[in-house]
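Structure, as structure tokens:
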Amino acid sequence: MIPPGETIGILGGGQLGRMMAMAAANLGYRVHIYAPEEDSVAAEVCAAFTQAAWDDAKAMRAFAADCAVVTYEFENVPVGPLAAIAPTPLLAPPRALEVGQDRVSEKSMVRDLGGTPAPFATVDSRADLEAAMAEIGTPGILKTRRDGYDGKGQWRIMTPQDAETIDLPDVPLVYEGFVRFFGEFSVILARGADGDIRFWDSAQNVHESGILALSTVPAAPELLEQVPAARTLARKIAEALDYVGVLAVEFFATAEGPIFNEMAPRVHNSGHWTTEGAITSQFENHIRAICGLPLGDTGLAAKGVEMRNIIGDDAQDWAGILSDPANHLHLYGKASIRPGRKMGHVTRLTL
Ligand code: AMP
């Protein structure tokens with residue numbers, strides 16, 4: 001067990017790191033952020049900040065030497081340089097990072113575990129794309145295998161002619177069949193160092209332009225029916241990776257049952273509602289798990305919860321939002337507003 005008072009290192013300097021750091025501080029830990037960018041909204045609330053490139057082994061070693069355990073809030077951290085963290089433990093396990101970084105690896109793993117991803121094929125050339133469209137059909141979505149998030153690095157292909165207009169980037173790609181879903185939901189679990197697994201209620205998620213807009217708990221009954229099968233798969237993923245920490249798995253609800261979309265080996269935007277809406281938040285349970293502490297209760301703290309993201313220049317009327325006493329406002333302290341950038345969220349409880 002890593003006792004309160006010790007230092008937790010977090011790789012990545014965004015809002016997920018900021019919220020994890022605040023949960024760690026509540027438990028009496030000191031937090032050290034490592035991120036390449038100069039302005040880190042996580043570092044603002046932490047005791048120490050190393051601003052260095054991911055491949056700066058000297059800086060990474062010095063950072064790890066200051067920490068009792070290291071975790072990450074950003075799944076596109078390159079895995080190679082993380083060897084410099086040893087002997088300090090790195091949790092969730094780097095294997096989860098490796099799998100979760102690559103859309104093909106995660107879908108292949110899910111298929112091997114008996115789950116169902118959208119039909120997919122790897123694409124490294126125009127000929128591969130044509131073969132993938134012939135095999136899987138259109139419509140479909142072409143995605144970068146790595147580094148995509150919030151709908152970035154994605155091209156919707158309605159007809160084979162659409163594909164001709166795409167200037168294929170010189171990076172590994174995957175073509176996915178378009179899933180006809182009637183809803184989207186996520187399964188978020190925490191797995192403790194002792195293997196104890198707890199699930200939060202599954203949120204029903206609505207995306208706009210590839211970005212999460214709204215999470216609602218409880219999800220609609222027709223989605224809830226699909227949660228047990230989705231949890232079984234999420235549990236298998238966590239156990240196969242000997243996972244420690246919070247793991248998020250996103251699903252499409254379809255007439256054929258839950259279809260795996262993607263996993264994130266970290267706390268997740270669709271779990272932000274847990275800060276007020278659950279007895280223990282995803283952020284606190286992640287910290288408890290990586291420190292070897294018992295997990296907290298993941299039960300609901302309200303009848304219902306709604307979490308809305310504040311994106312770009314949405315909702316500047318902060319006083320207006322707070323004039324409704326059921327609302328909780330979370331702003332991430334980002335200085336520059338850009339379209340599509342997640343600036344904060346509002347959680348509303350139904351008591
Ligand atoms: P992703 O970044 O892969 O999670 O994609 C963002 C959002 O785009 C998803 O939450 C869906 O709303 C939509 N989407 C992604 N892949 C597919 C697919 N294969 N079929 C239908 N919709 C998709």
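Brief remarks follow.
- Computed about the Cα centre, the dipole magnitude for the chain is approximately 580 debye when only Lys and Arg (+1) and Asp and Glu (-1) carry charge, each at its Cβ.
- Helix-only arithmetic for the chain: the sum of -39500 (n - 2.57) across DSSP H runs with n ≥ 4, divided by the residue total, places the mean residue ellipticity at 222 nm at -7000 deg cm²/dmol.
- Relative contact order for the chain: 15 percent, from Cα pairs under 8 Å spaced at least 6 residues apart, divided by residue count.
- If both residues of a DSSP beta bridge must be in the chain, then about 80% of such bridges are antiparallel.
- Label sites at I279 and S323, each approximated as a point 7 angstrom past Cα along Cα to Cβ, lie 3.7 nm apart.
- Per-residue extension of 0.36 nm, minus the Cα-Cα distance of E130 and A62, leaves a gain of 19.6 nm for this segment.
- A simple rule links phi to the HN-Hα coupling: the Karplus curve 6.51 cos²θ - 1.76 cosθ + 1.60 with θ = phi - 60°, which for the range 73-85 gives 10, 9, 8, 9, 5, x, 6, x, x, 6, 4, 5, 6 Hz, with x for Gly and Pro.
- Take the Cα radius of gyration of the chain and divide it by 2.2 N^0.38 Å, N being the number of residues; the result is 0.98.
- Rough spin-label spacing in nm, given labels placed 7 Å along Cα→Cβ, for D112 and E208: 4.0 nm
- The value of relative contact order for the range 183-350, using C-alpha pairs under 8 Å at least six residues apart, is 23 percent.
- Fewest-first ranking of K334, K303, using other Cβ atoms within 10 Å as the exposure measure: K303, K334
- Multiplying the residue separation of A301 and E225 by 0.36 nm and subtracting their alpha-carbon distance yields 25.2 nm.
- In sequence order, the range 87-101 has phi-based couplings of x, 5, x, 10, 9, 4, x, x, 4, 5, 5, 4, 5, x, 6 Hz under the Karplus curve 6.51 cos²θ - 1.76 cosθ + 1.60, θ = phi - 60°, and Gly or Pro positions carry x.
- Put simply, when 18-30, 204-216 are sorted by average Cβ atoms within 10 angstrom per residue, most first, you get 18-30, 204-216.
- As a rough footprinting exposure proxy, the listed residues Y175, Y149 were ranked by other beta carbons within 10 Å of their own, and the order from fewest upward is Y149, Y175.
- Cα-projected label distance for A240 with R338, points at 7 Å along beta-carbon direction, nm: 3.4 nm
- Shape call, the range 1-66: gyration tensor on alpha carbons, a/c limit 1.5: oblate
- Stretchable slack from Q154 to L351, in nm (0.36 nm times residue separation minus alpha-carbon distance): 67.0 nm
- Checking the cross-link pairs K152/K334; K143/K342; K58/K107 against a 24 Å limit on the alpha carbon distance flags K58/K107 as lying beyond it.
- Under 5 Å, built H, 5+ apart or other chain: amide partners of A47: V31
Just so you know, all these numbers are worked out from the coordinates, no wet-lab data involved. This structure is a prediction, so every number in the text was calculated from the model and none was measured. Backbone-built Cβ (ideal geometry, glycine too); neighbour counts: all protein chains shown.
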